[in-house]
Amino acid sequence: MIGKLEQLKRSLSSREFGTFGIDDIAYIKSVMIDGQKLHAIHAADGTPLTVVSERDTAFATVRQHEMDPASVH
């Protein structure tokens with residue numbers, strides 16, 4: 001049985017899939033900058049948006065802009 005995401009992926013063109021969720025999802029990734037652990041927020045297409053010092057602040061910032069946060073490891 002094919003999952004819903006797999007079905008959706010098969011029905012979208014490469015371009016459509018690349019922009020899927022761009023207005024709805026933002027990714028949060030821990031990064032090291034100048035020896036400090038910070039949290040980068042990226043749009044669904046990978047565009048860097050901002051960097052904040054606290055993980056909770058990153059999630060709150062994404063939600064404040066009416067998007068769903070997703071953690072990237």
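The values are calculated or read from the model by the stated rules, or taken from the named source; none is laboratory data. Here the structure is a predicted model, which is why all the values come from computation and not from measurement. Don't worry about glycine lacking a Cβ; one is built from the backbone with ideal geometry, like all the others, and counts go over all protein chains shown.
Numerical summary
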| item | result |
| --- | --- |
| Residue pairs meeting the criteria (Cβ under 6 Å; at least 6 apart or on separate chains; first surrounded by 12 or more Cβ atoms within 10 Å (Cβ to Cβ), in region 47-63; second not charged (D, E, K, R) and not in a strand (DSSP E or B)) | 52/58 |
| Only one of 32, 67 that is at pLDDT below 95, more than 8 Å from the chain's Cα centre (by Cα) and not charged (D, E, K, R) | 67 |
| Filter pass, residue 57 being among the hydroxyl-bearing types (Ser, Thr, Tyr) and modelled with pLDDT of 75 or more | yes |
